[in-house]
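The values are calculated or read from the model by the stated rules, or taken from the named source; none is laboratory data. Worth saying up front: this structure is predicted, and the values here are computed from it rather than measured. Note: ideal-geometry Cβ built from the backbone for every residue, glycine included; neighbour counts use all protein chains shown. SASA here: full protein model, heavy atoms, side chains in, ligands and nucleic acids out. Shrake-Rupley method; radii C 1.70, N 1.55, O 1.52, S 1.80 Å.
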Amino acid sequence: MAVIKANSNDVDMLARLMRAEAEGEGELGMLMAGNVMVNRTRVRCMDFGNVNTIPHMAFQSPGGFEAVQKSYFYQTAREKDRRLARRVINGERFHPAEFSLWFFRPEGSCPAQWWGQWNTGRYKLHCFYQPLPSDCGEVFGTY
């Protein structure tokens, strides 16, 4: 069952964004990036109060994703990427990204905090960050 609304164009956009942001991290890395993207779309807290669709999430400014500014994002979605996008749309979560609203790729080790949010772990080159329950408790809710 989908945890956010998504039509076929949304699935394609999410698939393209996951690929553009994390293809170098393999399928699991792409799924984790997708967790962050789905979380941003489904919560109504912090910077994401008005982000309620996949296009809003992808193109949020400020605070959106750098990949939408690069030509790689605009390539046609592949079926294997759509399959991964459907998995996160349907609620699959992967540690350390399951409750995260941010990720980034630092030059060195993961800072304990990033923009005031706590590190939940690293997968390959990306560090993941989640809010405190007092700042955005809904991200921790079950579907």
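Here is how the numbers come out for the structure above:
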read-out	value
Accessible-area order (highest first, 1.4 angstrom probe) of the listed residues 16, 105	105, 16
Net charge of Cβ neighbours under 15 Å - reference residue 116; Lys, Arg +1; Asp, Glu -1	-2
Apportionment of accessible area to carbon and sulfur, segment 8-140, percent (1.4 Å)	50 percent
Qualifying chymotrypsin sites (Phe, Trp or Tyr not before Pro) for segment 31-91 [loop in DSSP, other Cβ within 10 Å: at most 11]	none
Candidates 12, 47, 81: whichever shows maximal mean-square fluctuation once the chain is modelled as a Gaussian network with Cα springs under 10 Å	47
Solvent-accessible heavy-atom area per residue, rounded to whole Å², over segment 75-115 at 1.4 Å	59 Å²
For the chain, built as a Gaussian network whose Cα springs stay under 10 Å, the top-fluctuating residue of 101, 125, 31	125
Neighbourhood charge, 14 Å Cβ-Cβ cut-off, centred on residue 139 and excluding it, Lys, Arg +1 and Asp, Glu -1	0
